[in-house]
Every structure is written in C-alpha cells, then in structure tokens.
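The values are calculated or read from the model by the stated rules, or taken from the named source; none is laboratory data. In this text, all values refer to a predicted model and were calculated from it rather than measured experimentally. Note: ideal-geometry Cβ built from the backbone for every residue, glycine included; neighbour counts use all protein chains shown.
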C-alpha cells in the first residue's frame, strides 16, 4: 500500500509562502504517534527537500537526545529510502538515489517489503497522485491558515473518491485524518 502522510494547514498547504513549516512541529503525543507510524513502514520514497530535511535524524547526534528522539532516529535510520533528485549525486544513510520513474520505483519498493510505503515531498507525492498510485492519504491538519505556499495536493483531472477510515484530534488541536481511495470515479 502506498500512502501520503503530511502535515497540512487548514487551507491545504504543507509550507507557507516563505517555505516554512515550523507550525507543524509536533508536541510529545503527536511525535509519539508519528514514531509509531514510521515504525510500521516498510520503505519511503522521498523528494530531495524532504530527504535533506529528515537526514538530521540519521546524522545529527543531538536528535537522539531524549527517549522519543532516539527511538525516532532509530526507526527513521532503519527505514529503506529512495530519493528522487536531479541535483544530488549521492545520498547518505539507508538511502539510494532513484534510478527509474516514479511508477517503477514505487512498484519496486512495494514488492521489496510487506510493510506500507510512504511517498513524501509535495512534488513527488503529487506525481504519484496524478498517476493514481496512492492508496491512502494520512493528513495531520494543523489549526492554522497560512494563505499560500506549497499545496499538499496537485490539481487533478478526475476527482479521486475517498473514504474517511480514521480520524483523531490531539490535545494540540491537530486533527489526524486517514482517507482510503474507494476505487470509484468522482
């Protein structure tokens, strides 16, 4: 199963007009929830910016301070990653550069693991959505309107019918929404 899991503003952006997403910083409970989700994954396909943002979990010892930080660093470091980039010539940690198309790399990752596979980075996830490859959307809707920036979802030519299969509100007022494709046309 391929899934998209991202923090998003109420108005649908994953970063504001300046590229900042500091408003998505999780509190301890939400961070623990993210840790559990990452621990269940079998692999991750990343865009370059997401890879570079998350690389600190594999390379910066200060990220291991505290029990939750160390556990997340362990889980993220163990996770096989495929990085899509036109500018990087090498990657670090448990990652490799993509050699094939989005569809080819998704298929290869899905057949290499029994776990769920996450695809992240707005551009890369958008390509997978446009190709009809994404099975689930796991959104962490933060109580903020940023008014512009990087949208979570690309424009699509056909509606994508979804079923809400899980929701939860955290004490931080972040709402977790888990949607599954129904296979029906919209």
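Descriptive notes on the structure:
- Residues of segment 17-51 that turn out to be under 15 Å from residue 123 (Cα atoms) and surrounded by 15 or more Cβ atoms within 10 Å (Cβ to Cβ), as a count: 8
- Beta carbons closer than 6 Å, at least 6 apart along the sequence or on distinct chains, pair a first residue in segment 98-125 that is on the phi < 0 side of the Ramachandran plot and free of Cβ contacts under 8 Å to residues at least 60 places away in the same chain with a second that is in a strand (DSSP E or B) and buried (at least 16 other Cβ atoms within 10 Å of the Cβ) for 98/82; 98/84.
- If the condition is being part of a helix (DSSP H, G or I) and either surrounded by 14 or more Cβ atoms within 10 Å (Cβ to Cβ) or in contact with a strand residue (DSSP E or B) (Cβ under 8 Å, 6 or more places away or on another chain) (or both), then segment 78-104 contributes only 102.
- Scanning segment 110-123 for residues that are under 17 Å from the mean Cα position of the chain (by Cα) and either assigned to a loop (DSSP other than H, G, I, E, B) or at pLDDT below 95 (or both) turns up 115, 120, 121, 122, 123.
- Unmet requirement for residue 70, which otherwise passes all of (1) without any contact (Cβ under 8 Å) to a residue 12 or more places away in the chain; (2) surrounded by 14 or more Cβ atoms within 10 Å (Cβ to Cβ): (2)
- Residues in segment 146-186 that are assigned to a loop (DSSP other than H, G, I, E, B), under 17 Å from the mean Cα position of the chain (by Cα) and under 20 Å from residue 128 (Cβ atoms): 152, 153, 154.
- Hits in segment 129-145 (condition: touching a residue at least 60 places away in the same chain (Cβ under 8 Å), out of contact with any helix residue (DSSP H, G or I) (no Cβ under 6 Å at 6 or more places or on another chain) and in a loop (DSSP other than H, G, I, E, B)): 135, 143, 145
- Among the residues of segment 158-167, those identified as in contact with a strand residue (DSSP E or B) (Cβ under 6 Å, 6 or more places away or on another chain) and touching a residue at least 12 places away in the same chain (Cβ under 8 Å) are 161, 162, 163, 164, 165, 166.
- Flag if residue 31 is more than 26 Å from residue 149 (Cα to Cα), in contact (Cβ under 8 Å) with a residue 40 or more places away in the chain and in contact with a helix residue (DSSP H, G or I) (Cβ under 7 Å, 6 or more places away or on another chain): no
- Single unsatisfied condition, residue 107 versus (1) at pLDDT 95 or above; (2) assigned to a loop (DSSP other than H, G, I, E, B); (3) over 17 Å from the mean Cα position of the chain (by Cα); (4) surrounded by 13 or more Cβ atoms within 10 Å (Cβ to Cβ): (2)
- For segment 25-44, the criterion of being farther than 28 Å from residue 162 by Cα, out of contact with any strand residue (DSSP E or B) (no Cβ under 9 Å at 6 or more places or on another chain) and either modelled with pLDDT of 95 or more or in a helix (DSSP H, G or I) (or both) is met by at least one residue.
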